[in-house]
Amino acid sequence: MPAPTSLRSRVALLLSAGVAVFSAGVAPAAPRPVELEDLFRFHRVSDPQVSPDGRTLAYVVTDPLKAENRTNADIWVMPAAGGEAHALTNSPKHDRHPRWSPDGKWIAFESNRDGSYQIWLIPAAGGEARKLTTVSTEANGPVWSPDGSKIAFVSAVYPEFSAKPFAESDKLNKEKAAALEKNPVKARVFTQLLYRHWDSWVEGKRQHVFVLPVHDGAAAGEPRDVTPGDNDGVPTSDTFSAGDEYAFAPDGRELAYTAPSAHTREQAWVTNHDVWTVDLATGERRQLTTNLAADGCPRYSPDGKFIAYRAQARPGFEADRWQLRLHSRTSGEDFSLTEKFDSSVEAMTWAADSQSLFFSAEGPGTSALWSVDATVGEVHPLVVRGNNSELSLAADRRAMYFLKSGFAHPPEVWRHDFATKKDEQVTHANDALLSGIVMPEPESVTVAGADNTPVQMWIIKPPQFDPAKKYPLVFMVHGGPQGAWHDGWSTRWNPEVWAAQGYVLALPNPRGSTGFGQKFTDEISHDWNGKVMTDLFAALAYLEHQPWIDTTRMAAAGASYGGYVMNWFEGHTDKFKTIVCHDGTYNLDSMYGATEEVWFDEWEHGKPWAMTEEGRKASPHLYAANFKTPMLIIHNELDFRVPVTEGYQLFTALQRQGVPSKMISFPDEGHWVLKPGNSEFWHQTVFDWLAEYLKK
């Protein structure tokens with residue numbers, strides 16, 4: 001029988017079908033401004049996957065459970081052409097990463113419904129889910145072989161046991177984990193770097209790829225570790241990942257995967273990743289690429305002749321342009337399809353006829369979808385406006401399904417029809433809530449930055465904006481620094497929610513921003529306080545000249561690199577009444593010594609003992625004597641990317657000099673604040689702080 005549907009799910013089902021319900025004789029209320037609570041009311045749609053026959057769409061809906069300070073994710077299905085949607089799974093935990101079996105009868109997914117993450121199968125027509133794996137080190141990311149006889153997945157294992165038969169290695173993994181848990185001594189011992197990563201301790205484990213035989217909805221044997229040894233079988237940083245980083249050959253006999261540098265001691269300071277293949281009958285592994293920069297995301301052409309993959313050219317530079325390359329499986333010839341395409345290729349998929357590929361890549365303030373001819377490398381735009389990603393292609397090549405959002409539009413699944421070249425919204429999970437809310441559409445302006453280079457900036461005005469009035473300004477700087485403000489939805493830094501507080505929001509894309517050509521991106525490295533600052537102050541000057549900006553009530557806010565900019569502003573300008581810094585770099589020397597991805601700091605600034613005197617001057621801590629602007633600091637204890645000590649140092653400098661300041665630190669959050677209860681507290685604190693300085 002179908003999985004039970006909760007009351008909230010039944011309501012969402014009606015909403016997804018476009019049904020509006022009103023009391024008899026009562027007109028709908030006038031639209032209101034978006035409010036903070038709406039961030040926790042919106043259904044978070046993601047990971048669209050179209051069935052092999054192109055008739056059914058599966059996707060994930062995640063709902064915040066604020067009272068429990070967590071989220072719940074379920075898998076939903078609906079007709080791909082549009083229609084009624086329903087929840088296929090309904091567990092109280094996370095059901096996610098749905099992947100169709102090639103015959104369309106089953107959907108594999110990962111779930112922690114039983115406590116640990118394992119791979120499960122559920123009949124696509126509905127019914128009870130079946131647990132496929134019981135791996136002591138958990139299992140994630142199912143990928144089917146083209147004949148449906150195997151599923152690949154990833155598990156973090158102790159590498160010293162990985163060459164043993166599965167039953168033995170899994171038993172040893174379980175025993176070692178239990179012994180560590182039982183031991184009252186909790187000391188950690190390190191012999192090389194990358195001992196912790198983003199928000200987790202590595203604990204001596206490696207991410208390995210396993211292959212499990214399956215038949216008729218059940219395991220047909222034991223999993224086999226196909227990447228044994230003291231290295232990872234997938235990238236451990238999302239920086240080098242573009243979705244599933246392993247794929248089966250069309251005949252199911254071979255699997256391609258992405259592995260970090262085999263020189264494991266160097267993995268903290270090199271960006272080298274290579275594409276490997278493994279013969280699933282013999283276990284023999286072969287290194288396909290030898291580029292010293294990063295390669296990854298292998299995808300076999302349906303005819304089996306080529307492996308497509310992404311590649312960077314400059315070793316050590318995580319933000320180098322990703323090109324789409326093809327490797328001939330017969331001749332060994334290897335060439336780029338996008339050498340002249342001045343943006344980074346992200347997630348990609350082949351057309352069924354092996355004649356072209358489809359991929360996502362950034363444009364100016366957007367993320368677009370593109371196609372490229374597999375023979376001549378001609379690139380064509382398909383979907384340009386908004387933030388578009390997570391594409392899934394129907395086997396009949398009639399349509400492509402993807403996730404689309406905007407500043408004022410939460411993500412929904414859309415369909416691009418190749419014949420008509422038209423786009424149509426497929427899911428409508430948030431239509432009813434949106435119908436009662438007004439969110440202003442963004443405006444795009446361009447200013448002259450350093451060297452008169454054009455700099456794009458988004459502006460979002462408060463609801464019911466009156467150009468005859470003056471409004472306080474919040475000037476937001478994005479992180480990265482190789483990142484961008486896209487016309488896309490965010491559940492963290494959502495400018496529409498900020499603008500609804502009565503502020504004009506400005507979101508500039510200065511030097512270092514992605515989507516404006518690689519040269520523009522490159523011009524921030526070793527120059528964090530140079531051209532980019534000229535760009536930012538040019539954008540601010542534009543705003544100061546607008547009659548609707550109250551220049552006596554301006555604030556700045558930013559996270560990560562944006563937080564670095566906030567710390568730089570603190571010591572270099574008095575234009576802002578207050579500054580909000582989230583997880584920002586404060587001291588370049590201490591940042592290098594405590595961060596984990598050392599390659600980033602070495603490329604951007606150099607090693608501290610080899611840094612030039614001019615480079616040292618870019619560290620905000622050197623200008624602490626100039627600090628006087630009231631500042632709110634948020635820095636989290638699980639942030640291993642920009643460690644919490646950066647926030648502590650900044651807070652000490654402000655407090656010691658009597659500068660009004662407050663610091664928040666979440667012990668259970670990393671570089672981002674993700675838990676809904678924590679997010680609410682974060683937003684309320686930030687908005688209260690801004691109101692104290694901008695609304696009095």
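The values are calculated or read from the model by the stated rules, or taken from the named source; none is laboratory data. None of these values were measured; they are calculated from a predicted model. Using ideal geometry, Cβ is built from the backbone for each residue, glycine included, and neighbour counts are taken over all protein chains shown. What goes into the accessible areas is simple: the full protein's heavy atoms, side chains included, and nothing from ligands, DNA or RNA. Shrake-Rupley method; radii C 1.70, N 1.55, O 1.52, S 1.80 Å.
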With respect to Asn90, is the statement that it is open to solvent by less than 30 Å² (accessible area, probe 1.4 Å), of a type outside the set (Ser, Thr, Tyr) and at negative phi true? no
Conditions (1) within 19 Å of the chain's Cα centre (by Cα); (2) open to solvent by 60 Å² or more (accessible area, probe 1.4 Å) -> Phe359 fails only (2)
For Asp353, only one of the following conditions fails: (1) acidic (Asp, Glu); (2) buried (at least 21 other Cβ atoms within 10 Å of the Cβ); (3) modelled with pLDDT under 95. What is its number? (2)
Among helices (runs of 4 or more DSSP H) entirely within segment 539-627, at least 3 residues that are in contact (Cβ under 8 Å) with a residue 40 or more places away in the chain occur in 561-572, 588-594, 598-604
Given the options Glu318, Glu339, name the one that is surrounded by fewer than 17 Cβ atoms within 10 Å (Cβ to Cβ) and of a type outside the set (Ser, Thr, Tyr). Glu339
Scan segment 482-500 residue by residue and report those that are open to solvent by less than 10 Å² (accessible area, probe 1.4 Å) and either within 14 Å of Leu543 (Cα to Cα) or in contact with a Lys or Arg (Cβ under 8 Å, 6 or more places away or on another chain) (or both). Ala499
Looking for something out of contact with any Lys or Arg (no Cβ under 7 Å at 6 or more places or on another chain), in a strand (DSSP E or B), farther than 29 Å from Ile459 by Cα and of a type in the set (S, T, N, Q) - is there at least one such residue anywhere in segment 399-410? no
Within segment 142-163, count every residue that is buried (at least 23 other Cβ atoms within 10 Å of the Cβ) and under 22 Å from Lys93 (Cα atoms). 4
Taking segment 591-624 on its own, how many of its residues are acidic (Asp, Glu) and at pLDDT below 95? 2
From Trp276, Trp269, grab the single residue that is buried (at least 17 other Cβ atoms within 10 Å of the Cβ), more than 26 Å from Glu362 (Cβ to Cβ) and touching a helix residue (DSSP H, G or I) at 6+ places or on another chain (Cβ under 7 Å). Trp269
Within segment 642-665, track down each residue that is under 28 Å from the mean Cα position of the chain (by Cα) and either over 25 Å from Asp601 (Cα atoms) or part of a strand (DSSP E or B) (or both). Met663, Ile664
For Glu362, the lone unmet condition from (1) acidic (Asp, Glu); (2) at pLDDT below 95; (3) in a strand (DSSP E or B) is (2)
Leu194 - would you say it is on the phi > 0 side of the Ramachandran plot and open to solvent by less than 60 Å² (accessible area, probe 1.4 Å)? yes
Checked pairs for segment 424-450, first within 20 Å of Arg385 (Cα to Cα) and free of Cβ contacts under 8 Å to residues at least 40 places away in the same chain, second in a loop (DSSP other than H, G, I, E, B) and of a type in the set (A, V, I, L, M, F, W, C), C-beta under 6 Å and 6 or more apart or across chains, list as Glu441/Ala408
Of (1) aliphatic (A, V, I, L, M); (2) open to solvent by 60 Å² or more (accessible area, probe 1.4 Å); (3) farther than 22 Å from His263 by Cβ, Leu212 satisfies every one except (2)
Residues (within 17 Å of His478 (Cβ to Cβ) and of a type in the set (Val, Ile, Thr)) located in segment 535-570: Val565
When only residues in segment 440-472 that are hydrophobic (A, V, I, L, M, F, W, C) and touching a Leu at 6+ places or on another chain (Cβ under 6 Å) count, which is least open to solvent (accessible area, probe 1.4 Å)? Ile460
Just one of the numbered conditions (1) out of contact with any helix residue (DSSP H, G or I) (no Cβ under 9 Å at 6 or more places or on another chain); (2) open to solvent by 30 Å² or more (accessible area, probe 1.4 Å) is not true of Ser261; which one? (2)
Please list, ordered by residue number, the strands (runs of 3 or more DSSP E) wholly in segment 194-310 having 2 or more residues that are aromatic (Phe, Trp, Tyr). 246-248
State yes or no: is Ser389 of a type outside the set (A, V, I, L, M, F, W, C) and out of contact with any Pro (no Cβ under 6 Å at 6 or more places or on another chain)? yes
Residue ID - nearest to the chain's Cα centre (by Cα), chosen from residues in segment 507-527 that are over 12 Å from Val455 (Cβ atoms) and open to solvent by less than 10 Å² (accessible area, probe 1.4 Å): Thr521
In this structure, does Asp589 turn out to be acidic (Asp, Glu), in contact with a helix residue (DSSP H, G or I) (Cβ under 7 Å, 6 or more places away or on another chain) and open to solvent by 20 Å² or more (accessible area, probe 1.4 Å)? yes
Of the numbered conditions (1) of a type outside the set (D, E, K, R); (2) under 24 Å from the mean Cα position of the chain (by Cα); (3) outside any strand (DSSP E or B), Ala179 satisfies every one except a single condition; which is it? (2)
Exactly one condition in (1) within 28 Å of Ala399 (Cα to Cα); (2) open to solvent by less than 30 Å² (accessible area, probe 1.4 Å); (3) of a type in the set (A, V, I, L, M, F, W, C) is not met by Phe306; state its number. (2)
